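Derivation of every value follows stated rules applied to the coordinates shown; laboratory data play no part. Since the structure is predicted, the reported quantities are computational estimates derived from the model, not experimental observations. All Cβ positions, glycine included, derive from the backbone under ideal geometry; neighbour counts span all protein chains shown.
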Amino acid sequence: MPDRSRFYVTTPIYYVNDRPHLGHVYTTMVADVVARYHRLIGDETFFLTGVDEHAAKVSEKAAEMGMTPQAWADQNAAAFREVFERLEITNNDFVRTSSEHHKAAVSRYVQALLDSGDVYQGDYVGWYDAGQEEYVPDNKALQNDYKSEVNGKPLIRKSEKNYFFKLESYREPLLAFYAQRDADGVPFVQPDARRNEIVNRIKEMDDVPISRSGSGGWGIPVPGEAEQTIYVWIDALFNYLTFVDTDADSPMGDRRKFWQAGAVHFIAKDILWFHAAIWPALLLALQKCPGFEWVNLPRQVYSHSYWVSDSGQKMSKSLGNFLDPAAIDNYVETFGLDALRYFLSTRGPLGVSDSAFSPELFIEVYNSDLANTFGNSCSRVANMIGKYFDGQLPAPLPADDPAYLPLKQSDWAGEYMRHFEVLDLTRAGDAALQPVRDVDSFIEQTQPFRMAKDETQRPAVGTVLYQCTEALRIASVLLWPFLPDACEIFWQRIGCGAYADMLADNGSGHWEQLTTWGQLQPGTPIEKGAALFPRYDAERAG
Ligand code: ME8
């Protein structure tokens, strides 16, 4: 069984043939929210993202730009890294497939598969989708009229000497693996509809090429074969393993424990086949090789849908309709980074349907969930504490006092965890806002601003406001993976500034304490500060 106290999460590694766009930012932000959640609940977490460099389209684009593939890859890898840093993504490492560490590890794995007989030499005659860098089986090519399923461009006819992986011989082991995961209650592929598509395709799969000829030396050479490079997809899939296949003697430290915790791979549906069939089959093959017995299989592949434009077209580089870094910066400047994270991760295409990116919806969600709910509640409560208690957190009456007015608490943290555990970020975000909604109803019901007019009612008002602040503190803990900047500001204002350091300490296990009622000390100064999320008025903003 995987080790539940550790957590390993990955994003696809992105092609460096161009600059990052909204799709890349999306998957990376989702993985970041999930990584932060696991750190919050006390899991020792490793989060990996990065770039995929050895694609033919990278060397072709480099030639167009009059640059070497490496120089072009360096430039775009830096752009990805820079965007992710600016977006405060908390990845623990950044993959570059041109790094010496990765190249050496991939060569070792391929050598092991050559030695075991799972990789053999043959001839490939068939179809290739250059945009997706994907070999397309004849029946699929025919079905799609010899065009790419993703970008509609004509497929290329290829005839070359390749090394092949015996994928077909893993049909039964893979189906057994899927059945086992279903029986364990943690299906390997999510959502379920995607899992069913894959299981059907596994039943008819053939062996696949794992090398290419004529890449002009851009790629990892097949061991002992200077003319062939390892097919970019095999090179890329192995990143999930190479970057954690290190022991205590390595400068990267002992990371195998993260692999063994069972990786969770976030990807989009266009690359599911590689992750759901080829990847586990490669791992099944590798774990039979001497020295690789420790290689277990990932925990889950989560395949989301697409962000599409208003007209329903996939946002992509080749279609030129994506939100580029400048447009993304605009959102961050106007609404704040938290708002972008919150919107993308709670309103994005995590399920089986695509999501249209609509500026109107963005504003609506910003105003309803952030400005009018969390932001407004924090201001309201701090204002009342300022007005009636001189900015000091009042002490609540004892719960058995006749004047004690209880805020009805539900299982806020439990509900939130149940949704995170099945990667339902929409419901997890909603559950994190529940204490805020409960505070709003409590204020409506008790009307502390009316009670405060009567001096004798002050202890009851203090009781109401103590509970409101405490509920908002718990909300801020639950909201932190989505809104880290705003929550950290709020913590400073309520005397909980130390939380940020507690959470930076990976896997330190403060979850119980942070979500237990009654942590705030009466008498603590409560700062009002500026609105965490000022309401956005589209008309006034022009
Ligand atoms: O496929 N909506 O890289 P890539 C949502 N290098 N997500 C989107 C998206 C959209 N419109 N467009 C892109 C590759 N993405 C390979 C991966 S992994 C071993 C190798 C996201 O640069 C989504 O995560 O084409 C998708 O899977 C990924 O970007 C594809 O990035």
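Between GLU415 and GLN519, how many nm apart are label points set 7 Å from Cα along the C-beta direction?
Computed distance between label sites GLU415 and GLN519 equals 2.0 nm.
With each label point set 7 Å from Cα along the Cα-Cβ vector, what nm distance links LEU142 and ALA531?
Placing both labels 7 Å along Cα→Cβ, they lie 6.2 nm apart.
By the scheme Lys and Arg +1, Asp and Glu -1, what is the net charge of all other residues having a beta-carbon under 15 Å from that of MET205?
Result for the neighbourhood of MET205: -4.
Show me, for the range 133-146, the HN-Hα J-couplings you get by feeding each phi into the Karplus relation (A = 6.51, B = -1.76, C = 1.60, θ = phi - 60°), rounded to Hz, glycine and proline as x.
Once rounded to whole Hz, the list reads 6, 10, 6, 10, x, 3, 5, 6, 4, 4, 3, 9, 6, 6.
Report the label-to-label distance for GLU293 and GLU360 in nanometres (one decimal), using points 7 Å from each Cα along the Cα→Cβ vector.
Once both label points are built, they end up 6.3 nm from each other.
What list of whole percents do you get for P(r) of the chain, with Cα-Cα distances grouped in 10 Å bins up to the one holding the largest distance?
3, 17, 26, 23, 15, 9, 5, 2, 0
Could you pull out every one of the lysines with an alpha carbon less than 26 Å from that of LYS166, ignoring same-chain neighbours closer than 8 positions?
Excluding near neighbours in sequence, the set is LYS103, LYS140, LYS158, LYS203, LYS269, LYS288.
Normalise the Debye intensity by I(0) for the range 366-525, one equal point scatterer per Cα, no solvent, then take log10 at q = 0.09, 0.16, 0.21 Å⁻¹ and round to two decimals.
-0.29, -0.90, -1.48
Using amide H atoms built 1.01 Å from N in the peptide plane, name the residues 5+ places from VAL136, or on other chains, whose amide H lies under 5 Å from its own.
TRP127, TYR128, ASP129
Can you list which of the trypsin sites (Lys or Arg not before Pro) found in the range 179-275 are DSSP loop residues with at most 14 other C-beta atoms within 10 Å?
LYS203
Using 0.36 nm per residue of separation minus the Cα-Cα distance, give me the extension gain between ALA78 and ASP324 in nm, one decimal.
Here the segment from ALA78 to ASP324 would lengthen by 87.0 nm.
Which loop GluC sites (Glu not before Pro) in the range 173-261, with loop taken from DSSP, have no more than 13 other Cβ atoms within 10 angstrom of their Cβ? Don't skip to the answer; put the middle values down first.
On the way: sites: GLU197, GLU204, GLU225, GLU227; in loops: GLU204.
Sparse-neighbourhood loop GluC sites (Glu not before Pro): GLU204.
Mind checking which aspartates and glutamates have their Cα closer than 18 Å to the Cα of LYS453? Skip sequence neighbours fewer than 8 apart in that chain.
Once the sequence-local aspartates and glutamates are set aside, what remains near LYS453 is ASP390, GLU444.
Given R₀ = 56 Å, FRET efficiency for ASP440-GLU227 by Cβ-Cβ distance, to 0.05?
The computed FRET efficiency comes out at 0.25.
For GLU149 and SER368, what does the FRET efficiency come to when R0 = 35 Å and r is the distance between their Cβ atoms, rounded to the nearest 0.05?
On the way: r = 37 Å, r/R0 = 1.07.
Calculated value: 0.40.
Considering amide H positions built from the backbone, and no H for Pro or chain starts, which residues 5 or more places from TYR124, or on another chain, come under 5 Å of its amide H?
GLU160, LYS161, ASN162
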